[in-house]
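We did not get these values from a lab; they are worked out from the coordinates using the rules stated. The model shown is predicted, which means the values in this text are computed figures rather than measured ones. We place every Cβ from the backbone using ideal geometry, glycine too, and count neighbours over all the protein chains shown.
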Amino acid sequence: MSKTKRLTTPLTEEDIRNLRAGESVLITGKIYTARDAAHKRFVETISRGEELPIKLEGAIIYYAGPCPAKPGQIIGSIGPTTSGRMDPYAPKLIQKGLKGMIGKGLRSDEVIEAIKKFNAIYFAAIGGAGALLSNRVKDSKVVAYEDLGTEAVRELVVEDFPAIVVIDSEGNDLYKMVRESSTSN
Amino acid sequence: MGDIARVREVNVDDVRKVVAELAIHANCFIGDDIIHKLEEGREEEESSLAKNVLTQILENARIARECNMPACQDTGMAVVFLEIGQDIHFVGGDLYDAINEGVSEGYIKGYLRKSVVKEPYTDRINTGNNTPTIIHTEIVPGNKVKISIAPKGFGSENMSQLKMFKPADGVDEIIEFVLNVVREAGPNPCPPVVLGIGIGGTMEKASLMAKKALLRRLDEPNPDEEVRRLEERLLKLVNELGIGPQGFGGKTTALGINIEVFPTHIAGLPVAVNVSCHATRHESTVI
């Protein structure tokens, strides 16, 4: 396995071009959380021609809805949710400048096409590792849709947040590579 | 009427308290049976990525346990099973209200995520306290009540399937169906998974057995020899699929497969597969 790469947000076009499916990375910097309900609102906002509450250009969205923070905690457990539910919305956001997505699980062909076309990247974090991942979050604030509770959009500052490149900017998909290699056995 | 003396009163307020404690505990403490299977899997994996993923999952379970934090942010929809002794008389209020109050209290006091929405296909407004609870009751002999809680995350729940087979179909068709469920789910249900499988009964009986099978420890095979052999055979075949931890490839696709069976109709053969994740959680107490 290749050694772990360190990435700092915002990701540059060059950073993204150099990442390959299967590589482990540690991400440091600002990322946003958004999941089902926030994505629905994002896309409705875009179709009304209005401005989004976050700046998408160069951003990374983490598909996650945390547990509430206990007193003294920055954030509660925060692992990734299944990305496929965001597939109907993701191509539109990528087109608007979104560069990175962190989640878990399969993506649609439309999302993979958008990733290739706009030089974006899809990472997986370890599903179910919510307690461990919360330790890598150094700051958290709600920046939009507070009424959605856990589904609100949060701006997180993460440090050495562990992830794996699943779909790179050439469209290589780690999950497909695994499936093909196991069926050829 | 001599038996009337055996009737025991249980105050529903005690049920509420127990449910609240179980909800918090179940979410923060991954069972030692699962931990052992994860450790075994890590030993067997050859790729450093698969080993690394299992190490992080084990580390996560340790942090959750030591910091009393939910292992997974999806603290689930709370599924409560009650095995109620027929000689119990519940007093002090409505039993189901008490269970829902217990879940609400546990999820609020335990800083667990509230993941339940009121309208399933329209507004989807969060109920704010993780209720209503899914409650299954069973009447059993005796004057005790066993309360189990199994918080169920939906990353894996969404990958579950039910199929009504024809009686002409046999064990090979059932095996192929289960393997397909796991293949189709791929990385989505956070493998390594745990599968609960119900074979027989009616449509809802098969599903309920599949769910209940997830409450059984992974080191406790089905007591029926033939069913136990099917559990072992399926586990081996699932782990040969190569999906591996988190779908990144490897030998540890499932940690365990628990099967429950029940007689069925001359015309049918229902099979339900309830997919669960490496954070398969359940806690029980007897009052």
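Isolated cysteines in chain B, defined as those with no second cysteine Cβ under 4.7 Å, comprise B:Cys28, B:Cys67, B:Cys72. GNM on chain A, alpha-carbon springs under 10 angstrom: the most fluctuating residue among A:Asp147, A:Asp139, A:Asp109 is A:Asp147.
Per residue of A:165-177, what is the mean number of Cβ atoms on other protein chains within 10 angstrom of that residue's Cβ? Display every interim value, and only then the final one.
On the way: counts 0, 4, 0, 0, 0, 0, 0, 0, 0, 6, 8, 1, 2.
So the per-residue partner count for this stretch is 2.
Shielding of peptide A:130-143 by partners, expressed as the average count of other chain Cβ atoms within 10 Å per residue Cβ, is 4.
When the C-alpha to C-alpha distance is required to be over 32 Å, the pairs from A:Lys116/B:Lys114; A:Lys96/A:Lys176; B:Lys51/B:Lys152; A:Lys141/B:Lys118; A:Lys70/A:Lys104 that qualify are A:Lys116/B:Lys114.
Beyond 39 Å, what percent of the Cα pairs of the protein assembly as shown remain?
Working: 25271 of 111156 pairs.
Percent of Cα pairs beyond 39 Å in the protein assembly as shown: 23.
Using r as the Cβ-Cβ distance of B:Asp14 and B:Met164, and R0 as 35 Å, what FRET efficiency do you calculate, to the nearest 0.05? Walk me through the intermediate numbers first.
Details: r = 41 Å, r/R0 = 1.17.
Step by step, r from the Cβ atoms, then E = 0.30.
Computed from phi, the 3J(HN,Hα) profile of region B:137-149 under the Karplus parametrisation 6.51, -1.76, 1.60 (θ = phi - 60°) reads 10, 9, 9, 10, x, x, 10, 10, 10, 9, 10, 10, 10 Hz, with x in place of Gly and Pro.
Along its three principal directions, the equivalent ellipsoid of region B:13-134 from the Cα gyration tensor extends over semi-axes of 33, 19, 13 Å, largest first. Rounded to the nearest 5, the antiparallel percentage of DSSP beta bridges internal to region B:154-281 is 55%.
Cα centroids of region B:109-182 and region A:22-84: 27 Å apart. Here the peptides B:201-209, A:128-136 are ranked by packing, the mean other Cβ count within 10 Å, and the order with the highest first is A:128-136, B:201-209. Placing a pseudo-label 7 Å from each Cα along the Cα-to-Cβ vector at A:Glu146 and B:Phe90 gives an inter-label distance of 3.9 nm.
Dipole of region B:154-281, Cα-centred, from +1 at each Lys and Arg C-beta and -1 at each Asp and Glu C-beta, to the nearest 20 debye?
Details: 14 positive and 16 negative charges, 63 e Å.
Roughly 300 debye for region B:154-281.
Within the shell defined by Cβ-Cβ distances under 14 Å, the residues around A:Lys138 carry a net charge of 0, with Lys and Arg each +1 and Asp and Glu each -1. When each of the peptides B:16-22, B:180-186 is scored by the mean number of other C-beta atoms lying within 10 Å of its residues, the order from highest to lowest reads B:16-22, B:180-186. Among the residues of B:92-100, the average count of other protein chain beta-carbon atoms within 10 Å of the residue beta-carbon is 0.
With all projection directions averaged, the alpha carbon convex hull of chain B covers 17.0 nm². What's the local net charge at B:Thr252, with K and R +1, D and E -1, over the other residues with C-beta under 12 Å away? The answer is -3.
Taking 20 °C and 1.002 mPa s as the conditions, I'd like the Stokes-Einstein D for region A:4-61 in µm²/s, using the Kirkwood hydrodynamic radius from alpha carbon pairs. Intermediate values should be presented prior to the final figure.
Details: Rh = 13.3 Å.
Result for D is 161 µm²/s.
Sorting check: for B:27-38, B:104-115, which peptide has the highest mean count of neighbouring beta carbons within 10 Å, and how do the rest follow?
Numbers: B:27-38: 20.0, B:104-115: 22.3.
For the peptides B:27-38, B:104-115, the packing ranking is B:104-115, B:27-38.
Over region B:154-281, all Cα pairs binned in 5 Å intervals from 0 give whole-percent P(r) values of 2, 12, 24, 25, 21, 10, 4, 1, 0, listed from short to long.
So what is the 222 nm mean residue ellipticity for the protein assembly as shown from helices alone, if each DSSP H run of at least 4 adds -39500 (n - 2.57) and you divide by all residues, rounding to the nearest 500 deg cm²/dmol? Walk me through the numbers before you get to the answer.
Details: 14 runs with 157 residues, N = 472.
Here the helix-only value at 222 nm equals -10000 deg cm²/dmol.
Size descriptors for chain A: radius of gyration and Dmax over Cα atoms are 15.7, 52 Å.
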